[in-house]
1. If I filter segment A:704-716 down to residues being at the interface with another protein chain (Cβ under 9 Å from one of its Cβ atoms) and among the hydrophobic types (A, V, I, L, M, F, W, C), which single residue comes out as farthest from A:Asn688 (Cα to Cα)?
2. Hey, A:Lys566 hits all of (1) in contact (Cβ under 8 Å) with a residue 60 or more places away in the chain; (2) out of contact with any Phe, Trp or Tyr (no Cβ under 9 Å at 6 or more places or on another chain); (3) crowded, with 18+ Cβ neighbours inside 10 Å but one; which does it fall short on?
3. Would you confirm whether any residue within segment B:215-222 is in contact with a helix residue (DSSP H, G or I) (Cβ under 9 Å, 6 or more places away or on another chain) and surrounded by fewer than 24 Cβ atoms within 10 Å (Cβ to Cβ)?
4. Could you pull out the residue among A:Thr636, A:Thr619, A:Thr626 that is touching a residue at least 24 places away in the same chain (Cβ under 8 Å) and either loosely packed, with under 15 Cβ neighbours inside 10 Å or farther than 30 Å from A:Met756 by Cα (or both)?
5. Just to be sure I understand the filter: pairs with C-beta atoms under 8 Å, separated by 6 or more residues or on different chains, first member in segment A:277-297 and under 18 Å from A:Ala217 (Cα atoms) and more than 14 Å from every other protein chain (Cβ to nearest Cβ), second member modelled with pLDDT of 95 or more and part of a helix (DSSP H, G or I). Which pairs pass?
6. Just give me the residues in segment B:120-129 being closer than 18 Å to B:Trp181 by Cα and more than 7 Å from the ligand (Cβ to nearest atom), in sequence order.
7. For segment B:240-269, give me the residue count where each residue is aliphatic (A, V, I, L, M), away from every other protein chain (no Cβ under 14 Å) and either more than 23 Å from B:Asn207 (Cβ to Cβ) or in contact with a Gly (Cβ under 7 Å, 6 or more places away or on another chain) (or both).
Amino acid sequence: MATLDHNDKKVIGKRVVRNEDPRLLTGQAQYVDDVDLPGMAHAAMFRSEYAHARILSLDVSKARAYPGVLAVFTADDMGADCYPGPPLVSPPPTVKDVVFNSRRQVPLVKEKVRHAGEVIAVVVAETRYIAEDAADLIDIEYEPLPVVADIEQALEADSPLVHDDLDSNLAAQLIQTKGDYEAARKSADVLIRRRFTIERGTAAAMENRGIVAQWDAKSESLTVWDTTQAPIPIRNGLAARLGLSESKVRVIAPFIGGGFGPKIMMFYSEEMLVPWLAIKLNRPVKWIEDRRENFYATTQERGQVHDVEMAFTRDGKILGIKDDFIHDTGAYDPYGLTTPLNTQSHVMGGYDIKNFTSEFKVAFTNKTIVTPMRGAGRPHGVYVIERMMDIAAKELGIDRVEIRRRNLIQPDAFPYEHGIIDQAFAPLIFDSGNYQAALDETLKAIGYEKFVKEEQPRYRAEGRRVGIGVLPFIETTGVGPYEGARVTVEANGKIAVATGVGTQGQGHFTSFAQIVAEQVGVDVTDVRITTGDSAHFNWGTGTFASRGAVVAGNAMHAAAVMVRKKIFKLASKVLNAPEEELELENGVVRVADIPQSSISLKDLAVLANPLRGAVEPGTEPGLEATAYYGPQYGPTAFGVHAMIAEIDPETMMIKILRYVVTEDCGTILNPLILEGQVHGGVALGLGNAYYEKLHFDENAQLLNASFMDYLLVGSTEMPRIDVRHLETRSPLNELGTKGAGEAGAIPVPALFAQTMEDALYDYNFEIRETPLNPNRLFEIVREEKTT
Amino acid sequence: MKPAPFEYHAPTTLDDALSLLTEHGYDAKVLAGGQSLVPMMNFRIAQPAVLIDINNIPDLAYINAEEGGVRVGAMTRHHQSEISPIMAQHAPLIYSTMPKIAYPQVRTRGTFGGSLSHADPAAELPTLTTTLDAKFRLVSQRGERWVPASEFFLGLYTTALEPDEILAEGFVPELPPRSGWSLQEVNRRKHDFALAGVAATVTLDENDVCQNARLVFLSVGDRPMYAERASTLLQGQALTSEAIRAAAELASSEEIDPGDDIHATADFRRHLANVLCKRALEQARQRAQGQK
Ligand SMILES: Cc1cc2nc3c(=O)[nH]c(=O)nc-3n(C[C@H](O)[C@H](O)[C@H](O)COP(=O)(O)OP(=O)(O)OC[C@H]3O[C@@H](n4cnc5c(N)ncnc54)[C@H](O)[C@@H]3O)c2cc1C
């Protein structure tokens, strides 16, 4: 009775169509905004217009008097209940001399607003329309304060302060080193120094945030529907805030239209407010974020400035790297150092580098809070190293693929001691990999040789600027602490599975079902998954950090294995045959070679939960098991992207002609779902490369807070993507999986820059910033031409 | 993103609509396809007290061939123009440009009259109608008047419409034989408003000498920018690349007034206008020469 023979998987790894799609496509899936309760009231937030201002006076009397308004609350009205949200992730205790100043968002701002869009008051009314009309009647007087809009200026001595009780805007500072960079630089043939700027974007999930809270005074219990990626921590936090027992709070994260990271940022102001309002008013309260609010109030990411130096030998071998950078955390830092730690741990990419030193400073600014967003600091690291590799290739006169080959970690070097502490709080180890194979596969798929030797010269002769780019990336995935799952064979023969993670479109109802079906011998459609409902599973963290398939997936596998054992044990008794002679398939256990001697799971489930007689001492009723999985450290996925694109040098309009992704995330659960993840990731990556930039002015006012002006990548901008799969299984977990949720987004800006430089081969310029746009690219090309 | 309160009327005759408009004047807004007005109301940038919905008035949507051109009803949806054989034959410049306006969802609602009345300098129809020398029939309870496109667009979102007037229809003249046309624009994404664009028409004589040319730019000023001097410069000349280059240079350096915004600087827009103008004239010339 093998548990998981990788060579003989029946369900895992198959292109199974998604169990959830019929519901999603026919409008039957429940989203938070579909929750409609009798007597439900609606909340509208009154938000700060200024990025930095003192509130001199606030008068909500006209709003309170507006017909249809139930209540208006300010920080004063909330009194002692108005205190900051919890710190989510503290800095790694293992790093020495780390500076960390924790400042967290509050439900309602009292004295001073620190970014545009902070909530100052909340209006609750019979309808959202009335609530918004009334919010327009609130009188407020501000004293505008000098604004901290730029991350470098934020750390200058004379900068205004975001938090007046600190003596600077330094939110955190952390240094990590390995080897001896100073020695490496002294022995180098070539030193390359550059500065790179990465600016902010937004995740722009299709569904904005939303919360509905219902208080049942009779049973003193609270039910909250929340677009969160982390329902269990929200349940625990709400219980603590509201002084309720955890068993009296139920948090449901139903179907969610995209998470991408910002939906984990518990606790948002609205997340603290809406349940409080429901109790206070003893009425169900709904708040649905609109797109404009989303641009101001939902967390964002990407702002960093890097100063890098790399030491090379003449033949292109990397001797060391020094990268100092500033990371923008916005007005608060509830999420600790996850993002800059990810950057720091990705600055060496997939290369074998012995000497490393990196210091980051995290700056408070008067901008929306920064928390991890798909990619979560990794794209920055990969951008920096891969741009440096391209620059080095040019300076040293080595082919850009060749210089990478010379430095990639070799297949026989795994597990590879990377040594830098990352978001898992332990020195990173790359568990497994075959980077050369991924590179070879990609070069073959894109037709690199032929393009460079035949196609490109032909294009150039025609005066067309067509370029090619190829580069590798790594993605640390699947961090702890743990997830759990419960697998039950129900009396109808179907399998019920519950886990604590939430789902935001990842296909969990299918990929998790495949993991369970593999063990329990049923059709994938007979496995019913419940995610994100604290009434169904009590323990867990959430869906983020590319960890669902790894952490929840392996918990699910472990529980399914336990259930399989129970099935075999019971069947052996019932069929009077030794376990070794039993086979489980299509929901039926049979004795090998004696087909008529069999029993269905349905009948077994009934027998396992008898109505009369006794369950034997030392056993449990039912065919059910709960298991947990908590990795010590996460597996590291990797891949290579390549692109061929044409650019019109007069208009800087681009056309992507070919795009190849080779993804290696260990054991593939479902290639169809994996490809979907890759496609979505590449879309975001392209946005971060050429379209999606949040434009803030010098007063930290967002100038493009709508989809008219924030250029979200759509289907018309997307190339066809050729996804190739390699499977280097992770030795760290039974399934052999690694995460893939963020991979697609990570290398794209660096790849785009490389491709553009290759396309515009006859111009002399260098790209050192992202996102670009045609205007900016035009300027860069022209600046360098004239200098 | 909920609009401020407003009063809503849905008249079923043009007369009723005009009388409501006379009654409410500046407080009222006409609702056509709603593709510009409704987002502005949801952002509370526009807060009209009264909305007069003209979608229920029959007979305002048509594309009819007439002596010398086409007549287009105000409520003609962009999508209808996009698929109309009459438009294809008599106003190919408009017909072929329609797919560049927004995306299909917007085109099934957005209207000819709405786009013109809204007078967004980045919109295509104001520029195309100016290029083709179209005229518009404006009606009110006081009567009606025809206003040429060149006198209709007065500035940013500003037209010759009085508060009691509705744009009822437009007349778009057909180009003479041996004419060519082109619209060139640069959009960040396929369906975006253009960063810069230009419409060109040229008419050649039998020796390929330019009899008439019209160059009108979009997104580089507060209204459709007619480059009169550059257009005149081309008259009486063969459309050689030097002649084209000179006209594009003149137009883009002196006859447009681009602004800076987050998508493009004035400088880049000027550069694009120059590049696009050359491409437009080149294509228009080829099309004209292709005609018998
Ligand atoms: C996402 C998006 C992308 C777009 N992209 C483009 C683009 O690339 N190019 C482009 O040209 N347009 C674009 N548009 C605008 C679109 O073409 C609109 O349809 C058009 O601007 C307005 O037409 P409407 O019928 O929707 O007018 P409405 O929004 O109903 O009205 C607009 C204004 O005109 C007034 N009005 C309407 N009809 C009349 C009339 N008959 N008489 C007097 N006043 C009237 C209204 O009172 C209002 O002030 C886009 C719109 C959207 C939402």
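1. Result: A:Met708.
2. (1)
3. no
4. A:Thr626
5. Once the first residue is under 18 Å from A:Ala217 (Cα atoms) and more than 14 Å from every other protein chain (Cβ to nearest Cβ) and sits in segment A:277-297, its partners that are modelled with pLDDT of 95 or more and part of a helix (DSSP H, G or I) give A:Ile279/A:Leu242; A:Pro284/A:Ala278; A:Val285/A:Val274; A:Val285/A:Leu277; A:Val285/A:Ala278.
6. Listed by number, the residues that qualify are B:Pro126, B:Thr127, B:Leu128, B:Thr129.
7. 3
Residue-wise test of (1) in the same structural domain as A:Ser730 (by TED's automatic domain parsing); (2) out of contact with any helix residue (DSSP H, G or I) (no Cβ under 7 Å at 6 or more places or on another chain).
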site	(1), (2)
A:Met556	no, no
A:Asn576	no, yes
A:Arg612	no, yes
A:Met643	yes, no
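The values are calculated or read from the model by the stated rules, or taken from the named source; none is laboratory data. Note that the coordinates shown come from a computational prediction; the quantities given were computed from them, not determined experimentally. Glycine also receives a Cβ, built like all others from the backbone with ideal geometry; neighbour counts cover every protein chain displayed.
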